[in-house]
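Asks: Dumping the structure here so I can ask a few things about it.
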Amino acid sequence: MMHFSYHLSEPCTNNEAEYEALITGLELAILMEIKEIKIFGDSQLVINQVARTYKVLNPNLLRYHQYTLHLLEQIPTATLYRVPRGSNFAADALAKLAKEFACPEEDSIPIEIQGRKALSLIDLEHIGKTPLQILSASSTADEEGDWR
């Protein structure tokens, strides 16, 4: 099990944050070329939407849902597990860590803090492209708009 904590750099709803956490984990798993993954989540809505038990009625969550399914297609074996909110101690601890960042010096551990923009800024036309292709496309676009 990998423990990973981060904070979002933009405001979002609880459900968007749950999708962001899932997406971040899936992107990391894909970069690490993980072929089998067990996903534990305490968001009844997100787990059931991804499992296609619930429909996605909120248009703001539709992009998250589509991108999540796209990422899941890239992992040969992915299993979703719903964990009751009060029983998800690891996630609760990581959430508190990300929120507080308070630790006595003698108990300190190295923490890499990474910001992440909300998915609403991700262009879904990039689905199917590799991360390198997406970065190359945005570098070219930046160069074309260069004022120098």
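The numbers here are math on the coordinates, done by the rules we state, and not lab data. None of the values given here were measured: they were computed from a predicted structure. In this analysis, Cβ positions are derived from the backbone assuming ideal geometry, glycine residues included, and neighbour counts consider all displayed protein chains.
Asks: Under the Karplus relation 6.51 cos²θ - 1.76 cosθ + 1.60, θ = phi - 60°, what is the ordered set of whole-Hz ³J(HN,Hα) values for region 31-45, x standing for Gly and Pro?
Replies: Couplings: 4, 8, 6, 6, 9, 9, 9, 10, 10, 10, x, 9, 8, 4, 5 Hz.
Asks: Fewest Cβ neighbours within 10 Å first, please rank Tyr54, Tyr67, Tyr81 accordingly.
Replies: Working: Tyr54 14, Tyr67 20, Tyr81 10.
Starting with the residue having the fewest Cβ neighbours, the order is Tyr81, Tyr54, Tyr67.
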